[in-house]
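Working notes, beginning with the structure itself.
The values are calculated or read from the model by the stated rules, or taken from the named source; none is laboratory data. Treat the numbers as computed from the prediction; the structure is a model and nothing was measured. Virtual Cβ from ideal backbone geometry, glycine too; neighbours counted across all protein chains shown.
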Amino acid sequence: MRTILIANPKGGSGKTTIATNLAGYFATRGKHVVLSDTDRQHSALSWLSRRPEKLPLIHGMDGRGKHKDSLSADWTIIDSPAGLRGEKLSNAVKLADWIIVPIQPSAFDIGATEEFLEVLREEKAVRKEKTFVAVIGMRIDSRTRSAATLQAYLAKSGFPVMGNIRDAQIYALAAEQGISLFDIRPSQVSRDLQQWAPLLHWIVNADRDTKVNENAE
């Protein structure tokens, strides 16, 4: 089982958007996927409750404990709560193979994320490269000054930057229907699919490298 943690201490940063769309991506590729929602608002599980039965199955978990479905999962995606810190953060980091930190282009988001990334940098699993961390810009309008400010910050963050997810109505519409970008006909969302390519490439290649190392041991 591979585990991806979506984390940022600030609420409304785009964690659930990343979590639900990653779950949808792996499900459409025939993988056994568990979506673990540890946020008290349970937005990810609410999305899952609206998911049409005809689409590839995603198993839901409320994060209060292990679920039998998670034990046999190919991928577990964890949508974490705002304010994740201290021992709870350390425990979550130990469980994760990847941590994705979404960040929006505002001074408040950048400030909160900067401190969070410093904490992540000191986590043992991250220092020993057992857990990989990447950042990604969310709800970006490339024409704005705030977007340029965010890009400048991300470039010096010290972590891989997985590009930007644009501010597009398709995400709100998909969330209302319980579907992911990857459940939609590719020709209708080609521009958005391109923006996900760097993140998916990073995850899949890191997974391949990890398996090679495990087989060599």
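Quick notes on this structure:
- The single condition among (1) out of contact with any Pro (no Cβ under 9 Å at 6 or more places or on another chain); (2) modelled with pLDDT of 90 or more; (3) of a type in the set (Asp, Glu); (4) assigned to a helix (DSSP H, G or I) that Asp207 does not satisfy is (2).
- The set of residues in the stretch 82-102 being on the phi < 0 side of the Ramachandran plot, of a type in the set (Gly, Ala, Ser) and either modelled with pLDDT under 95 or in contact with an Asp or Glu (Cβ under 6 Å, 6 or more places away or on another chain) (or both) consists of Ala82, Ser90, Ala92.
- Applying the condition of being touching a residue at least 40 places away in the same chain (Cβ under 8 Å) and charged (D, E, K, R) to the stretch 80-113 and asking which residue is surrounded by the fewest Cβ atoms within 10 Å (Cβ to Cβ) yields Arg85.
Okay, residues lined up against (1) free of Cβ contacts under 8 Å to residues at least 60 places away in the same chain; (2) touching a His at 6+ places or on another chain (Cβ under 9 Å); (3) among the polar types (S, T, N, Q):
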| site | (1), (2), (3) |
| --- | --- |
| Pro186 | yes, no, no |
| Ser190 | yes, no, yes |
| Gln194 | yes, no, yes |
| Leu200 | no, no, no |
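- Test: residue in the stretch 116-123 that is touching a Leu at 6+ places or on another chain (Cβ under 9 Å), among the charged types (D, E, K, R) and in contact (Cβ under 8 Å) with a residue 40 or more places away in the chain: no
- Test result for Thr113, at pLDDT below 95 and more than 17 Å from the chain's Cα centre (by Cα): no
- Any chance Asp79 is closer than 21 Å to Leu199 by Cα, among the acidic types (Asp, Glu) and in contact with an Asp or Glu (Cβ under 7 Å, 6 or more places away or on another chain): yes
- Screening the stretch 82-178 for helices (runs of 4 or more DSSP H) wholly inside it with 3 or more residues that are among the acidic types (Asp, Glu) returns the ranges 107-122.
- Of all residues in the stretch 150-172, exactly one satisfies the criterion of being within 18 Å of the chain's Cα centre (by Cα) and at positive phi, namely Gly163.
- Of all the listed residues (Leu150, Leu173), the sole one being at pLDDT below 95 and hydrophobic (A, V, I, L, M, F, W, C) is Leu150.
- Taken over the stretch 86-110, residues that are closer than 19 Å to Gly163 by Cα, more than 14 Å from the chain's Cα centre (by Cα) and among the aliphatic types (A, V, I, L, M) amount to 2.
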